[in-house]
Amino acid sequence: MSSAASNASRVRFETPALQPRDVASATARVRAAAESNRDARRTAEALSRAFALWRDPDYQPRRSASAEIAVRAGFSVALIDNSLEALLRPFTADALVPIAARVQGAGRATKPGAIGFIMAGNVAGAGIHEVAIALVAGAGIVVKTATAEPIFFEAFVRTLAEIDPTVAHCVAVLNWGRERTDLSGELLANCDRVLAYGDDSTIASLHANDKVLGFGSRVSAAVVAPSALARPRIDAMAESLARDVVRFEQLGCLSPHQIIVVSPALGAPREFAAALARALEGLSESMPPATLALRDACEIRTVRERARWRRIAGDSIELFEGPDLGWTLVCDSRVPADASFAVSPGFRTATVTAARDFDDVRCTIAAASRWIEAIAVAGDDAEIATLSAMLRQIGVPYVCAPGEMQSPPLVWRHGGRSFLDLLLART
């Protein structure tokens, strides 16, 4: 084991009792460190080395962090490992160094000062795209981790400190609960900008002003075009989409909740749902489902019972169920004129719906576009090109292939915004 691995593996996952002055002091420290670190390329290269270590599932600090995250969340370690592998895949030197070149080309006047991050606890590592961009852009950053997930950023920054202490000094990772409004207020008062992640109620609780950039409640979907329904392609495509559903237990903004099957054949949605059900059942063996809280179990049970009653009432509904609420698929074969976008409770719960053509897809997605973060598209080259152009025109920030939903590029327009453009716009 390398010295970086051995030292970074000794991670402490809690912050001692904090006072408002501690938040102010941390912000001042990272601001000063960022002012002293003028080399964007150095930062990009240090980050790329840290990410390279963290992409290795056998890297001891990652193994330790994955195990602790899994215990706290009630997830399997295999699920966390597979999810982190997808999340960290885009963070290569080839992605980071061009950002450094763009920053240096923009000139010293674009230095962004101190940026605070208020992280959500539903997805380990959520927000890492903006953290990496902010560091390369020359910001000092204060990361306020969630009480539900205080582990990932603390462990990752310790790795960064082993690689390049100068870069790591530009980051402070602190942890406090949402009831400590005095500390959150200090973060807002001392940072030039604050990025907040979480549901819409969390963002609203910050009494957002022009300093706050909120990433609130968002969901994702998938579209399966006719050519993807032919065998054996349907099974491979269903396997890829099943991984998109399973990763992070479907709790992040990039997790698909609804899969729209485009076909004039009445049985096509049901055939796809059956293939997806087989894939979800298979993944339950390699990545066992989470231990559910009572509220989550009740919500999933409600989805199932509602589907049963709708079928009894004569709707074209079919229910596919895994054991012990492990996964749930509702197949709704009605045309989109009778169905709206379906948001699930998460934990491998999804709806498969029918569309007669791409115009039906447009109607369904456009009606929910303000909440949609990503859409995976399956089909032949022509279908993918047509659907991708249409979805981008509607305003979907990230369009990708099945299996890539949790691996958006570093400069993905998260929430429909470009954080990099925002930083470089400073003068």
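The values are calculated or read from the model by the stated rules, or taken from the named source; none is laboratory data. Since this is a predicted model, take the numbers as computed values, not measurements. All Cβ positions, glycine included, derive from the backbone under ideal geometry; neighbour counts span all protein chains shown. Ligands, DNA and RNA are excluded from the accessible area calculation, which covers all protein heavy atoms including side chains. Shrake-Rupley method; radii C 1.70, N 1.55, O 1.52, S 1.80 Å.
Once backbone amide H atoms are built at 1.01 Å from N, Leu213 has Val194, Leu195, Ala196 as its partners under 5 Å, excluding neighbours fewer than 5 places away on the same chain.
Between Ile394 and Leu422, the FRET efficiency from the beta-carbon distance, with R0 = 22 Å, is close to 0.45. For the chain, the solvent-accessible area of protein heavy atoms averages 40 Å² per residue (probe radius 1.4 Å; ligands and nucleic acids excluded). Taking a ≥ b ≥ c as the square roots of the eigenvalues of the alpha carbon gyration tensor, the range 53-208 is oblate, as a/c is not under 1.5 and a/b does not beat b/c.
Based on the convex hull around the alpha carbon atoms, the range 297-427 presents an average projected area of 10.2 nm². Remark: the chain is approximated by an ellipsoid whose semi-axes, taken from the C-alpha gyration tensor as √(5λ), come to 39, 23, 20 Å, largest first. Springs join every pair of Cα atoms under 10 Å in this Gaussian network model of the chain, and among Ser407, Ser201, Ser76 the largest mean-square fluctuation is at Ser201. The alpha carbons of the range 22-105 occupy a box of 43, 37, 17 Å along the principal axes, longest dimension given first. Using Cα-only point scatterers and the Debye equation, what is log10 of I(q)/I(0) for the range 169-242 at each q in 0.20 Å⁻¹, rounded to two decimals? After summing over all Cα pairs, the log10 values are -0.88. In order along the range 82-90, the phi-based Karplus estimate (6.51 cos²θ - 1.76 cosθ + 1.60, θ = phi - 60°) of 3J(HN,Hα) comes to 5, 5, 5, 4, 5, 4, 8, 4, x Hz; Gly and Pro are listed as x. The Cβ shell under 13 Å around Val246 holds other residues with a net charge of -4, Lys and Arg each +1, Asp and Glu each -1.
With the convex hull drawn over the C-alpha atoms of the range 150-274, the volume per residue is 178 Å³. Three principal axis extents describe the C-alpha atoms of the range 231-365; from largest down they are 39, 35, 26 Å. How much FRET efficiency would the formula 1/(1 + (r/R0)^6) give for Ala78 and Arg310, where r is the Cβ-Cβ distance and R0 is 45 Å, rounded to 0.05? The pair Ala78/Arg310 has a calculated efficiency of 0.85. Across Arg158, Arg233, Arg270, mean-square fluctuation computed from a Gaussian network of the chain (C-alpha pairs under 10 Å connected) peaks at Arg233. Over the range 358-427, the reciprocal of the mean inverse Cα-Cα separation, the Kirkwood hydrodynamic radius, stands at 13.1 Å. Of the accessible area of the chain, with the probe set at 1.4 angstrom, what percent is carbon plus sulfur? Carbon plus sulfur share of accessible area: 52 percent. The length gained on full extension between Leu266 and Ala367, counted as 0.36 nm times the residue separation minus their Cα-Cα distance, comes to 34.0 nm.
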